[in-house]
Every structure is written in C-alpha cells, then in structure tokens.
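Student: First the structure, then my questions, so here it is.
The values are calculated or read from the model by the stated rules, or taken from the named source; none is laboratory data. Quick caveat, the model's predicted, so the values are computed rather than measured. Here the Cβ is made from the backbone with ideal geometry for all residues, glycine too, and neighbour counts use every protein chain on show. Surface areas here come from the heavy atoms of the whole protein model, side chains and all, with no ligands, DNA or RNA. Shrake-Rupley method; radii C 1.70, N 1.55, O 1.52, S 1.80 Å.
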Amino acid sequence: MRPRPTLGPNGEYQIADGELPVGSTLGGNHLCVELLANGSIDAVHSIQSGSTIVRDVDVHHYDAVTGLRLTRRPGAFILEPESQSHRYSLGNGVEVEKLTFVFCGAAAPDACFVLLQARNEGSKAATVDSVLVARLKSSFEDQIEARWNESARALLVESTGKAKAARALFSSITPQSWSVTEDHARILAEKWRGAFDESVDVAGDDPLGVIHVRTRIEPKSSATMWFAAAELESAAATVLEAFRRRLPSAEAAHEKTRRHYEALLDKTVMLSPVENIDAGVRWAKANMLRVLRQTPTGPGFTNNPGHSTSCVGRDAAWFVYGCDWLDPRFSAALLRGFAARQEADGKIVEYYDLRTGRTCDDGLNVNDDTALFALAVSHHALATRDASFLEELYPAARRAIEQLLANRDERGLIFCRARQTGARGIVGWRNIIKEYRLSGATTELNSETYAALQRMAVLAKILGASSDAGRYADEAETLRRAIDRYLRNPSNGLYYLNIEIDGRPRSALSADLVFPVVFGVADDETSARIVQRLRQADFWTEAGIRTVPRDAPEYGPTRGNGLLGGVWVAATFWYAFAAAHFVPEIMAEALEKTFAHYARDPRATNTVPGEFSEWLHGETLANNGMMLSPWFPPRYLWAAIEGAAGLDLQPGGARITPRLPPDWSWLAVRSVPFGGSTMSWFVCRMDEMRLFATERVESTLSTEAYDRDVTPEVDVEGQNVAMAAFARGREVIVFLGNRLALTSTVAVRDGGAVAGLRPRRRYESLYGRWVELEDESDAYLVTIGRGSFALIEFA
C-alpha cells in the first residue's frame, strides 16, 4: 500500500518522495515559484517584468574523491506554508535537506532561495562537488548575454531582445568553477569530468547556467550552502553588487519569512473538533499569502500565478471576503485598484493588467464584477469600520449599483443583452465555457444585485445619506419580488438558470442554485429545498459538488473547463456557507472533505497537500486546472468564519450565531481582525448553547463578554487540544477542547495570565455542570472525553 501524506502538529504535511505529482507553488511580493515533483524548481516568474527569470533550477552532487555521481535516494518532502523541504540521502552517507522558499517580509529583496544543509552520518570525511544548474532563457525566443561577477559571487544574465530584463544567480560561497554551456548531458554524466571552463556560450537555444562549489564535511558534522535567483532593476554591475549587499544569508531570510507568515497565520485561527477544517483554514490563509503581489500598478493578485498578469474583478471581490480576515489593508488596495479603473457608466471592468493597467470588460452591458464590487466594498467597510474608506469608496459603489439598475428589463430584472458565446456571451462566474451562452436575466447576477442593493442601503444609512438608504432598500425589495415572480421555477420549487434573450426561461440545474441562498433572496423553505437538492448523489462527490448534475443532458466531467460537470471546489464553499444555516452537519462535511481531498492521494488526484487546486474531473476527481487557484482559498476562509463560526457583519458591530453540527459540542475562533482591532470567541453546549467573546456582540445566545484574549499567556500541555483563554479585570476563563478520538488529559501550567489567581470552578461537559474547586491543585489537570470540552474559571 502506498504511503499517504501525514499532517504534522503545526499543520505541515510530510509526504514520501515519489508521491507528489508536482511540487508546491510559492510566492512573494514580486515572484512566483513553481516546483516539480522531484523537488527542483520548474520556474521562477516575475510580476514586475511579466516573464520567467530562470527555469529548471536544481542541484546535482558528485563524490569529489571517486568522481562518481551521487544519485538522490528517495526521501520525503515537508510542505509548510512558506516553504518546501526535500530530505534525501546520498550514497556516501551524507543526508541533505534542501529548503526552497521565496524571501518575504518588510523591505525584503525579491529572491528565491535554495538552502542546502548537509550532514555527514558516515565514519569518514566526505568531500562533495555540488553543481547548481539553471536554464537561463525566459523563452525560446529570448536573447541573452551572461557574465560572472566575482565580488557578488553571481552569474548575471541580461535579456537583450525586445524584453529587457536582468536577473542573477547567487552563491553563498566562492565557487570552484562556473560556466554557461549548452552541454546538458554533462550534468547527468556518471563520472565527474572536472571543473567547468568558466566560459560563456549563449549562441544556442537552451544555455545552462552552472555554479560549482566544493564542500568538505567531517564525520557527524554539518555544512550549509545556498543559492538564490533574483530579478534586478538593470544589468549594471553596481546594481548587482548593491543587491548582493542587501541579500541576507538564506538562514536569516528563511527565519524572517517564517516570522512574516506566522504573524499573519496567527490571525483568524479556527479551533474545531475536526482537524482537517482547522488545517483548511490555516492553509487557506497560507495560499492567500503566496499570491499577494506588489505590482507596477499597486497591490494585487493574478488569476493564474506565474502565467498571467491579469487581476479579475469577480475574483478580487471574492478575495476581499476572505482577505478581510487576514490582511484588510490588502483588501482595501484591491478595491481601490478597481475603483480607479471604473468605467464612465459605473461598470466594473472584467480585469486589468497588473503591469500595464490595461483594462478589459468583454463588451457586456452588465457583469457580475459590478455587483460583487459593491458587495466587497460593503464587506470591507463593515469588517473594518473604517469611516474614511467608506467615504472614499461609497461613490464608486454607488455608481456601480446605478449602472446595474440602469440595465433592468420590463420585468424589473437586471438583463444582459449579449448574444455571443464564451467570455463575450456569459454573464457570471462560468464565463470561460467556449461555445456557450448564459445571458439575459440570470439568477446569479440578479441575486448578487439584490444583496448589493441591501448592503448599499446599509452603507448609505451609516453615511447619513437617507434618500439613498430608503431608495436602495425599496429597490432591493422590488428586485426580490421580480426574482420571485419570474425566476422561480414553479415545476420544481427551485430557480431557473436564466431567462434567455428571447424571453424563454431555462430550467437547467447547476451549482448556480446556491446564489439565491447565499445572497438571501430565497425564503427558508426554498433555501432548504436547494440545499437538499445540491446534496443529492448526481451533484455530490467526495470532493464537493459538481457544477451540473451527473445525469444532466449537458453533463461532461471535463466539458467547458469543468464548468459543465467537473468539480469547481469554490462552488462547494458557497454551498457550505448556504448549508450552514439549515444543515450544519453538511456544512462541516463540505469543509472537511473538500480540503482533505488535496491530501487523500496526491499522485492519483494531481494535487498538492494543502494547496487549493482549481477544478477536478467530474468522475475521477483528479485536478485538471491550476495547482494553486488564488480565488478558492478566500472563499474557504469566508465559509468557515461567516458560515460555521457565524460571524455576521452589522452596521453597529457584529452578530455571532455559530452553526454547530449536532455532534459538535464546541467551536472557537481567535484573533479575527475586526474594526481596527481583533476579537475572539468560543461557543459551548452547556445547559444551553453559550457564547464567550472578547467583544460586546449581538447574539441570540447567552453571552459572556470579556475584555481581551490572553491565550498566548496561558501554557497548556496535552495532545491535540484546542485552547482559548479570555480575561476581564482579574478574572480569566480557560477553554479546553478535545480534538482526539479518545479521552485526553490536559495540564494547565500555573503562571502567565493565571499567575496569582485562584482556580474557582471547572465546567466538565461529561457531567454537564460546574464543579466548585476546593483543592486548587485539581484545577490544573483535566480529563476531557472524546469531542468534549472543559472550562476553568480563575479569579
């Protein structure tokens, strides 16, 4: 039986060598790095130049004494949010860990590092010739020049054709030799052929850059070397040498990168009885951090990292829904980018190029980008309570909503007049289906516009624009009635897909049924009917819902880029949010299984553990799209926090209504950015469902309000235990949740936030009651049953 990936205590994945179909997709401010299944770098892409700076970067090893090529014996990969490690052994007793990452953090020079840490486990000293190899042309047509810079210990490469770009390969130690050569076969020679000749041959189609270093490692000792690939502003020697002075060691760069990631991953932490959901939230944030870019036009992300420079309107809007719980400043910058390029009539463009600023709207009179932009402005304004942002962006959101209202038909429905096919004939998220049209009055766009009108009424009220507030509230209700009258399908109690250009309703069933539920158009009875229909076998798979049911006439498991029968997992996250109110257990299953699928059998499913891939074959459930889809992770985070954890944004603050499946007795969320600060909460099934929060929030549950989250100040020992601690004055309550399938014993250490406080009482869910503590020592050792929790009050 083949080994399966394992999830470590800090959310990292370990997977055996040979079990990955491809490596991780990593990223930083300007760079995207794609890795191959053998641990080498497939390509380093730059958003600044819009090109690939180097390709196929790897390190090969030879025994310097015998001259024999040292093949890598199969080892393991460690996949972490900021990096990928490859651990392998060489035939001479040397164990190697190769760490690949993109340098991230404040004022970090843009570089991709390959750090090798080698340990000699043999009884004799080992001397190893290590050779870094990289293909230097960004494309077949690229024309380059190359030269070695001794002081920078770098190979400088310059594109001299139409695309002007400069990049460099750096070495941490002075090489024994180097070369630019067309001799590919030499790299795979079984016998070392001696030092390279330090010549440059770039006349051919595929020159290799080679840097050769020699390392002697004593028995039971270690040695470290690193290489880095970076893009430069120019090929001037002064620019190269200045960059090298700014470049720290790989060890220091990795530590700074790790801290950068951890600082953001520590925001919006979910703690639930299901490990895969909590890991899904953590990895959703990690995936988002990997695609955040600082570009020539400002902060943004592309819809296809490394292969596109386009920032798409709908993707950006949905990104905001998740990014507000991770990096709200980036959300604001995204929205400003689209507001600055808003068309004269108020429509939001389909996308713009992050390098050039060039825009495209596909020629549609209306689009979903416009409604989603207004919704995203509302989401960010309510999540941050940033009055200046609201005043700045409200006019753009108002123009957007007015543009939609100006495109109503005689029924009062938002109407797209497109008669073409593909991107110029589809109004909505499925706009890449070739030879397909979805225009007229769609349930998707009308549902989004209804929600946008509601939210605009709320924003107008906050700003004191009473006439706008009243009008948009009225328009929302008018649109809802029109949707109910014309887009409801009386034959099945669901909704039509759309009313076509010629006025005929189209009854085809698809995952688009989620939109009236997600955006609050459908009543509870219809919403429950939709949730149940999408849960039936023809829609449902082990990895999420199909875009159309398996028995539909138009079904094909790969048809239309998977949009006519494949599994686009983002639709399942919409579904999870929709299901949370009605059947929380289905919500939990959707969140758990979709994320777990990425690590179920990567070689068979063409996925990378922890990475949200794009779309899956509707039968085999193998990924057929991008390895890392930038617009899936934020929807997972949104579905978990605003669906399962129940955070509902209100003009006066927040309402919290957690949606716990029947078999969950607790749920906790910590350090959620809100209103310029952070808030945390947990909910427990006690005599009734009770909520404990660090903010005064609105809730239908009995609520205990605390002043602050002191979780980092409480030390707990226990296997796989969820912990949160809140304080008010000199009182502290410690929550402990068991995520194991067995009973767990947990120890709370004296000190930190509870130092000097007396443990007063303990609630044990096994008994369903509070126990007064007479012997204080009893408080610090707690036994918690499977799926249960305990509370300890200190005062």
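Student: State the Cα centre-to-centre distance between region 715-766 and region 602-631 in whole Å.
Tutor: 39 Å
Student: What is the distance in Å between the Cα centroid of region 74-135 and that of region 457-494?
Tutor: When both Cα centres are located, 58 Å separates them.
Student: For mean projected area of the Cα convex hull in nm², several values are listed as (i) 43.6; (ii) 77.0; (iii) 36.4; flag the one computed from this structure.
Tutor: (iii)
Student: Report the normalised scattering of region 12-119 as log10 I(q)/I(0) at q = 0.21 Å⁻¹, calculated by the Debye formula with identical scatterers on the alpha carbons.
Tutor: -1.11
Student: Would you compute, for the Cα atoms of region 241-394, the largest minus smallest coordinate along each principal axis and list the three values in descending order, in whole Å?
Tutor: Taking the Cα atoms of region 241-394, the three principal extents are 52, 51, 31 Å.
Student: So if I place +1 on the C-beta of Lys and Arg and -1 on the C-beta of Asp and Glu, and nothing else carries charge, what would the dipole magnitude of region 334-440 be about its Cα centre? I want it in debye, nearest 20.
Tutor: Value, rounded to 20: 260 debye.
Student: With angles folded into 0 to 90 degrees, how steeply does helix 584-600 sit against the dominant principal axis of the chain? Use alpha carbons for both and round to 10.
Tutor: Its long axis makes an angle of about 10 degrees.
Student: List, in order, the whole-Hz ³J(HN,Hα) value for each residue of region 273-289 obtained from phi through the Karplus relation with A = 6.51, B = -1.76, C = 1.60 and θ = phi - 60°; use x for Gly and Pro.
Tutor: Rounded to whole hertz, the list is x, 10, 4, 5, 6, 4, 5, x, 5, 5, 6, 4, 5, 4, 4, 5, 4.
Student: Using a 1.4 Å probe on the protein heavy atoms, what percent of the accessible area of the chain belongs to carbon and sulfur? Present the calculation step by step, with values, prior to reporting the outcome.
Tutor: Working: 13400 of 29080 Å².
Roughly 46 percent of what the probe reaches on the chain is carbon or sulfur.
Student: How would you order 297-305, 436-444, 403-411, 273-281 from highest to lowest mean count of nearby Cβ atoms within 10 Å? Don't skip to the end; give the middle numbers.
Tutor: Working: 297-305: 21.1, 436-444: 24.7, 403-411: 17.1, 273-281: 23.1.
For the peptides 297-305, 436-444, 403-411, 273-281, the packing ranking is 436-444, 273-281, 297-305, 403-411.
Student: Taking only DSSP H segments of four or more residues, each worth -39500 (n - 2.57), what value at 222 nm results for the chain once the sum is divided by all its residues, to the nearest 500 deg cm²/dmol?
Tutor: -8000 deg cm²/dmol
Student: How much of the calculated P(r) for region 698-760 lies past 13 Å, in percent of all Cα pairs?
Tutor: Counting every Cα pair in region 698-760, those more than 13 Å apart make up 66 percent.
Student: Follow-up. Is region 326-384 rounded, prolate or oblate when judged by the Cα gyration tensor, a ≥ b ≥ c being the square roots of its eigenvalues, rounded requiring a/c under 1.5 and prolate requiring a/b larger than b/c?
Tutor: Numbers: a/c = 2.57, a/b = 1.44, b/c = 1.78.
It comes out oblate by the Cα gyration axes.
Student: Right, next: Using a Förster distance of 25 Å, how high is the FRET efficiency between residue 504 and residue 551, based on the Cβ-Cβ distance and rounded to 0.05? Walk me through the numbers before you get to the answer.
Tutor: Working: r = 23 Å, r/R0 = 0.90.
Between residue 504 and residue 551 the formula returns 0.65.
Student: Starting from the Cα of residue 201, step 7 Å along the direction of its Cβ; do the same at residue 329; then give the gap between the two resulting points in nm.
Tutor: That separation, rounded to one decimal, is 5.0 nm.
Student: If you take the beta carbon distance between residue 742 and residue 58 as r and set R0 to 41 Å, what does 1/(1 + (r/R0)^6) give as a FRET efficiency, to the nearest 0.05?
Tutor: Once the sixth-power term is evaluated, E becomes 0.40.
Student: What is the list of residues in region 740-766 whose amide nitrogen lies under 19 Å from a point 7 angstrom out from the Cα of residue 275, following Cα to Cβ?
Tutor: Within reach of a label on residue 275, which here means backbone N under 19 Å from a point 7 Å along Cα→Cβ, region 740-766 contributes 740-747.
Student: Could you please report the charge total around residue 565, scoring K, R as +1 and D, E as -1 over all other residues with beta-carbon less than 11 angstrom from its beta-carbon?
Tutor: The answer is -1.
Student: So between residue 535 and residue 463, what do we pick up on full extension, going 0.36 nm a residue minus the alpha carbon distance?
Tutor: 21.8 nm
Student: Also, I was wondering about something else. What's the FRET efficiency of residue 758 with residue 214 using the Cβ-Cβ distance as r and R₀ = 51 Å, to the nearest 0.05?
Tutor: 0.20
Student: Here's a follow-up. Please give the contour-minus-distance gain from residue 477 to residue 106: 0.36 nm per residue of separation, less the Cα-Cα distance, rounded to one decimal in nm.
Tutor: So the chain would gain 128.9 nm between residue 477 and residue 106.
Student: By the scheme Lys and Arg +1, Asp and Glu -1, what is the net charge of all other residues having a beta-carbon under 15 Å from that of residue 244?
Tutor: 0
Student: Still on this model: Kirkwood Rh, Cα Rg: Rg to Rh for region 89-199?
Tutor: 1.00
Student: Also, quick follow-up: Which of 572, 549, 330 sits farthest toward the positive end of the charge dipole of the chain, with +1 on the Cβ of Lys and Arg and -1 on the Cβ of Asp and Glu?
Tutor: The Cα lying farthest towards the positive end belongs to 549.
Student: Treating the angle as unsigned and between 0 and 90°, give the value, to the nearest 10°, between the Cα long axis of helix 328-339 and the longest Cα principal axis of the chain.
Tutor: The angle comes out at about 80 degrees.
Student: If a/c stays under 1.5 just call it rounded; otherwise compare a/b with b/c (prolate if a/b is bigger, oblate if not). Do that for region 681-729, with a ≥ b ≥ c from the square roots of the Cα gyration tensor eigenvalues.
Tutor: Verdict is oblate for region 681-729.
Student: Can you list residues whose amide H is under 5 Å from residue 674's amide H, if they're 5+ apart or on another chain and H is modeled 1.01 Å from N?
Tutor: Those lying under 5 Å, H to H, from residue 674 are 679.
Student: Now for a separate question. Would you work out the charge dipole size for the chain about its Cα centre, treating the Cβ of every Lys and Arg as +1 and the Cβ of every Asp and Glu as -1, and quote it to the nearest 20 debye?
Tutor: On the way: 88 positive and 102 negative charges, 93 e Å.
So the magnitude is around 440 debye.
Student: With a/c under 1.5 counting as rounded, go ahead and sort region 463-511 into rounded, prolate or oblate using the C-alpha gyration tensor (a ≥ b ≥ c being the square roots of the eigenvalues; past the cut-off, prolate if a/b is larger than b/c, else oblate).
Tutor: prolate
Student: To the nearest 10 degrees, how steep is helix 313-323 against the longest Cα principal axis of the chain, on a 0 to 90 scale?
Tutor: 90 degrees
Student: Still on this structure: Subtracting the Cα-Cα distance from 0.36 nm times the residue separation, let me have the gained length for residue 36 to residue 707 in nm, one decimal.
Tutor: 236.7 nm
Student: If you don't mind, another one. What number comes out for accessible area per residue over the chain if the probe is 1.4 Å? Units Å², please.
Tutor: 37 Å²
Student: If the cut-off is a Cα-Cα distance under 22 Å, which lysines reach residue 98, setting aside same-chain residues fewer than 8 apart in sequence?
Tutor: Those lysines meeting the cut-off are 220, 256.
Student: Whose amide H sits under 5 Å from the amide H of residue 558, counting only residues 5 or more places off or on another chain, with H placed in the peptide plane?
Tutor: Result for residue 558 returns 618.
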